[in-house]
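Trainee: Before I ask anything, here is the structure I am working with.
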């Protein structure tokens with residue numbers, strides 16, 4: 001042990017540079033998103049998804065929460081159920097009860113099938129080149145030749161003036177190959193996928209904004225979240241906060 005301590009002291013004296021910060025990095029919550037929260041999202045007749053999608057400069061942005069993701073996955077099934085109910089307003093049939101077959105099951109929560117995370121997807125926009133547009137001005141039968149405006153490099157999320165560290169920052173390659181009578185596109189780019197903790201976006205932040213960095217190397221594209229977006233994202237995790245509080249209360253009560 002004495003020899004090991006001597007080596008550690010020697011390494012400390014030879015270490016150069018600034019030591020890493022002592023702050024803990026965010027991690028994915030151990031408590032999964034509660035099934036009841038997903039069921040509540042499915043019960044709503046109208047669900048406004050517009051606050052989750054917007055643009056900023058050369059990028060399209062999509063936000064992700066467990067209720068929104070599950071609602072969009074089930075939208076086709078829900079539409080079929082609504083049509084079925086319209087045809088059978090006064091008659092109860094066995095088919096009406098079959099609609100719950102695809103509803104989230106309790107075992108999915110136990111298995112962590114719906115993690116309580118907030119994600120941001122950033123995708124570069126596509127544009128038509130000047131040569132393509134000029135050529136099509138002389139021929140209506142020419143297809144528009146598209147290419148991506150830029151590539152995604154990195155992103156920062158701010159709660160007020162404080163940067164919110166992601167759980168998983170990353171970017172993935174995307175290749176598009178389309179050739180038809182109207183559009184031709186053969187190009188590749190990178191899409192940003194950043195995963196954050198459930199409280200990353202909350203009303204107490206004041207202003208919430210994104211800084212998106214592209215391959216152009218210029219100043220970042222800045223996009224502030226509007227109030228409706230913040231309210232929707234915060235409300236989506238209300239069921240999780242209640243489940244987390246109940247779990248902590250149960251754990252405290254179980255202590256001797």
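Laboratory data are not the source of any read-out in this text; all were calculated from the coordinates shown. Remember, it's a predicted structure, so these values are computed and weren't measured experimentally. A quick note on method: Cβ atoms are made from the backbone with ideal geometry, for glycine too, and the neighbour counts reach across all protein chains shown.
Trainee: Could you list 151, 238 so that the one with the fewest beta carbons within 10 Å of its beta carbon is first and the one with the most is last?
Mentor: Values: 151 18, 238 13.
Ascending number of Cβ neighbours within 10 Å: 238, 151.
Trainee: Let's test the formula: R0 of 45 Å, r as the Cβ-Cβ distance of residue 179 and residue 80. What FRET efficiency results, to the nearest 0.05? The partial results should precede the final answer.
Mentor: Values: r = 34 Å, r/R0 = 0.75.
Computed FRET efficiency for residue 179 and residue 80: 0.85.
Trainee: Further, regarding this structure: Fewest Cβ neighbours within 10 Å first, please rank 183, 233, 27 accordingly. Mind dumping the intermediate values first?
Mentor: On the way: 183 13, 233 23, 27 9.
Neighbour counts put them in this order, fewest first: 27, 183, 233.
Trainee: Sort 177, 197 so that the residue with the fewest other Cβ atoms within 10 Å of its own Cβ comes first and the one with the most comes last.
Mentor: Numbers: 177 9, 197 18.
In order of increasing Cβ crowding within 10 Å: 177, 197.
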